[in-house]
Amino acid sequence: MVCLLCMQIILVVVCIMIFIWFVRSYYRTQHALQWWSCRQSLKLFLEAEIIRDNLLQEFFTIRRSLELLPVENQGLSFSQTQECLTKTNSFHLSLAQLSDRLFPAYLQDSLPLAIESTIEPWVHSHPHLYFDIEMPKSWRHESAETSLIVLRTLEELLEITLPEVLTELSIYISLKQVENLGQLMVKITYPDVSALTFSSNLPELSYLCETFRFLTSGKTFRQSNSNSVAWYFCWSVPVL
């Protein structure tokens with residue numbers, strides 16, 4: 001009788017512990033997804049601001065310039081033609097950049113090319129950062145949704161971990177296929193241990209990893225060594 005009672009108590013305790021674990025896991029995932037949603041919503045808001053403050057203003061300027069041209073003037077001078085071409089080319093470039101930010105180029109065809117295209121602006125705008133990118137020459141086709149999550153995860157990781165100060169850092173990015181898993185690895189080498197410790201323990205990184213695992217049914221882990229940290233993001237890829 002006593003033995004049976006002990007077994008029942010143990011069973012109840014185990015059930016309570018499992019329940020607590022599920023509740024904590026649920027809220028952890030909920031907070032991570034809320035964080036991810038806020039980040040993406042903020043980016044969409046900023047893009048909308050760019051359209052309102054820049055693109056629409058550029059379009060208005062081009063239209064106004066055309067409206068002010070004399071109706072009876074059938075031919076345009078060289079300077080007028082060049083001015084219209086310059087404004088039109090600028091407007092076209094802004095639209096192309098907006099398109100790539102909303103849905104990166106090459107994403108539907110090649111994840112490696114999409115990653116290289118995404119990193120390129122970072123290379124030009126952050127000359128104090130040294131990027132070393134290793135991409136496979138070919139990559140198996142997978143859904144654009146998964147590729148977009150991988151790409152957005154990379155962008156968020158760089159935005160979170162790279163300091164705004166002009167500190168020289170080395171970033172090594174590689175994409176590999178390990179059996180039936182895709183593996184994105186980002187290794188960041190910091191100038192000192194204190195910078196590594198601060199950047200590696202930001203709560204946003206936990207949210208990012210939790211969101212990636214939930215959205216891709218994948219896994220994440222990190223490896224630290226001296227003054228560098230390597231982040232691994234793994235997900236299933238189609239098997240031909």
Full-extension gain in nm, L113 to Q40, via 0.36 nm per residue minus C-alpha separation: 24.1 nm
Given the peptides 206-218, 53-65, arrange them by the average over their residues of other C-beta atoms within 10 Å, most packed first. 206-218, 53-65
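Counting only C-alpha contacts under 8 Å and six or more residues apart, can you give the relative contact order of the stretch 111-236 as a whole percent?
That works out to 24 percent.
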Out of all DSSP beta bridges with both ends in the stretch 117-225, state the antiparallel percent to the nearest 5. 60 percent
Over the C-alpha atoms of the stretch 142-240, what are the Rg and the largest Cα-to-Cα span, Dmax, in Å? 13.8, 45
Amide H contacts under 5 Å for Q108, restricted to residues at least 5 apart in sequence or on another chain and with H modeled in the peptide plane, are none
Mean-position separation - Cα centroids, the stretch 122-144 and the stretch 164-240, in angstrom: 14 Å
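Since every read-out is calculated from the coordinates, none of them should be taken as a lab result. Quick caveat: nothing in here was measured; it's all calculated off a predicted structure. Quick reminder, even Gly has a Cβ in these numbers, built from the backbone with ideal geometry, and neighbours come from all protein chains shown.
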